[in-house]
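Step one of this worksheet: look at the structure below.
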Amino acid sequence: MTYFSLNHNAPEVTFEEAVVRGLAPDKGLYFPKTIQQLPDSFFQNIENLSHVDIAFEAIKQFVGDEIHEEDLKSILKDVLSFDFPLVKIDKNIASLELYHGPTMAFKDVGARFMARCLGYFNSKNKNTNKVTVLVATSGDTGGAVASGFLGVDGVDVVILYPSGKVSDIQEKQLTTLGQNITALEVDGVFDDCQDMVKTAFLDEDLKTARTLTSANSINIARWLPQMFYYLFAYKTLKQKDKKLVFSVPSGNYGNICAGMMAQKLGLPTHHFVTGTNANNIVPEYLKTGNYFTKASVATISNAMDVGAPSNFIRIEALHNNNFAQLQSNLSGYSYTDSETIEAIKFLKTEHNYTADPHGAIGYLALRKYLENKTGLQGVFLETAHPIKFLPVMPKSIADSMETPQQIKSILHKEKKSIKISSYNQLKHFLLNNP
Ligand SMILES: *Cc1c(COP(=O)(O)O)cnc(C)c1O
């Protein structure tokens, strides 16, 4: 498969090159040159296929012949070794729980797939340089990347996180693994971490010293596997004879954009809804036609505190850069922290369901869209386990939550991080720890 840069000023590349580079040299996001619909028979028979079969059919055209079919299948089998349950909330609303993986956030699937692809390419080209994955995190990305890449040959991972700004559980997920994973604790906020990472990618001294790549959702190997969720939901819901609406709590818009890619492959989808917090760039755009990025605002759904959504350009490409077409496929609503807390309480008291702040926003946006409409089945994506956001959950709900095994097993482990407070310290680390 060939990928081109959405900035249209860089050479076309293979899947492997796109995965290793992350971002194109003109700083554009990579996008597949062709997208082939899957045959009708795939959707007609989907209930007879396993998750691995579904994922394989969906991803194979994007990988092409660069990973042998049998190897791709075994990568997928390994990546998808946990469940993706659909939990009924209401007569026309269900929650698609994407948090049953090792770090209990939906990012596990993309991070694990990307790690295994890089590992595969490294073992194929024995004498190539080691790759260093450099990633800034506000919480969830770092944990998923650390766990996904742990022990992968030929790949080092360096994670920057803002000191004191991630939850205790998230910090443990970042700092206790060791081996090829290093956590740099930055004296600053998430934007400082992000700026340092961006500076590093442009630094010529570093470019000669090591091969750097990113593991954010700009990387196609992290972005594309997120298509699977929507296909898995369809497998369960298709008999219901209602049209599907997906509501996705969004920050960088990678997850929802992958859903739209599944739609492009032929997945019958009536509409998409995005729920956001105060960082309401996309809902405002859909309302006014004006796209204004801004500095991010801190909220309790902090994985969505993004002021310049990086994948939005891919969403536009999927809608032929046509605003009317996008508007007819996507609605967006934004919610305050207090509305989010109210929704968490409502879901608990009315439906005995514990949602995290991100999922709760997905629920609110879905309910809003479904108001006064009939014949639709709504699915909101529950993107992280509520235990990861314990400090901001209503106290009575927090107190009644049980700690899942994945979390219990890291709580006693010792934190190891290196404190830094400037770009020069990051650079020094990268140059001196090959
Ligand atoms: C990353 C994340 C999101 C946002 O996903 P995008 O693909 O960036 O839109 C939502 N919820 C949780 C819990 C996350 O970790």
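The values are calculated or read from the model by the stated rules, or taken from the named source; none is laboratory data. Predicted, not measured: the structure shown is a model, and the values here were computed from it. Because the Cβ atoms are built from the backbone with ideal geometry, glycine has one as well, and the counts that use them run over all protein chains shown.
Structure data summary
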| quantity | calculated |
| --- | --- |
| Selection count, the stretch 29-47, where residues are free of Cβ contacts under 8 Å to residues at least 24 places away in the same chain and either of a type in the set (Gly, Ala, Ser) or assigned to a helix (DSSP H, G or I) (or both) | 2 |
| Every residue from the stretch 213-259 that is within 14 Å of the ligand (Cβ to nearest atom), touching a strand residue (DSSP E or B) at 6+ places or on another chain (Cβ under 7 Å) and among the small types (Gly, Ala, Ser) | 214, 215, 247, 250, 259 |
| Residue 201 vs. criteria crowded, with 22+ Cβ neighbours inside 10 Å and away from the ligand (no atom under 13 Å from the Cβ) | no |
| Residue in the stretch 229-240 that is in a helix (DSSP H, G or I), modelled with pLDDT of 95 or more, within 21 Å of residue 136 (Cα to Cα) and within 16 Å of the chain's Cα centre (by Cα) present | no |
| Which numbered condition residue 329 fails, given (1) more than 18 Å from residue 272 (Cβ to Cβ); (2) surrounded by fewer than 24 Cβ atoms within 10 Å (Cβ to Cβ); (3) touching a residue at least 60 places away in the same chain (Cβ under 8 Å) | (1) |
| Residue within the stretch 12-19 that is in a loop (DSSP other than H, G, I, E, B), in contact with a Phe, Trp or Tyr (Cβ under 6 Å, 6 or more places away or on another chain), over 27 Å from residue 148 (Cα atoms) and of a type outside the set (Val, Ile, Thr) present | yes |
| Near pairs, Cβ below 6 angstrom, 6+ apart or cross-chain, from the stretch 166-177 (in a loop (DSSP other than H, G, I, E, B)) to any residue that is at pLDDT below 90 and among the aliphatic types (A, V, I, L, M) | none |
| Any chance residue 157 is touching a Ser or Thr at 6+ places or on another chain (Cβ under 8 Å), in contact (Cβ under 8 Å) with a residue 24 or more places away in the chain and buried (at least 22 other Cβ atoms within 10 Å of the Cβ) | yes |
| Residue in the stretch 388-400 that is surrounded by 15 or more Cβ atoms within 10 Å (Cβ to Cβ) and more than 15 Å from the ligand (Cβ to nearest atom) present | yes |
| Residues satisfying the stated conditions in the stretch 287-302, i.e. hydrophobic (A, V, I, L, M, F, W, C) and either within 22 Å of the chain's Cα centre (by Cα) or at positive phi (or both) | 295, 297, 298, 300 |
| Test: residue in the stretch 110-120 that is in a loop (DSSP other than H, G, I, E, B) and surrounded by 20 or more Cβ atoms within 10 Å (Cβ to Cβ) | no |
| Residue match in the stretch 320-332 (condition: more than 16 Å from the ligand (Cβ to nearest atom), among the aromatic types (Phe, Trp, Tyr) and either within 14 Å of residue 282 (Cα to Cα) or over 16 Å from the mean Cα position of the chain (by Cα) (or both)) | yes |
| Matching entry among 308, 303, 262 (being surrounded by fewer than 17 Cβ atoms within 10 Å (Cβ to Cβ), within 16 Å of the ligand (Cβ to nearest atom) and of a type outside the set (D, E, K, R)) | 308 |
| Selected residue (only one of 389, 429, 380 is in contact (Cβ under 8 Å) with a residue 40 or more places away in the chain and touching an Asp or Glu at 6+ places or on another chain (Cβ under 6 Å)) | 389 |
| Residues located in the stretch 348-384, provided they are assigned to a loop (DSSP other than H, G, I, E, B) and near the ligand (Cβ under 9 Å from one of its atoms) | 356, 383 |
| Single residue of the stretch 160-194 satisfying the filter (aliphatic (A, V, I, L, M) and in contact with a strand residue (DSSP E or B) (Cβ under 8 Å, 6 or more places away or on another chain)) that is farthest from residue 150 (Cα to Cα) | 189 |
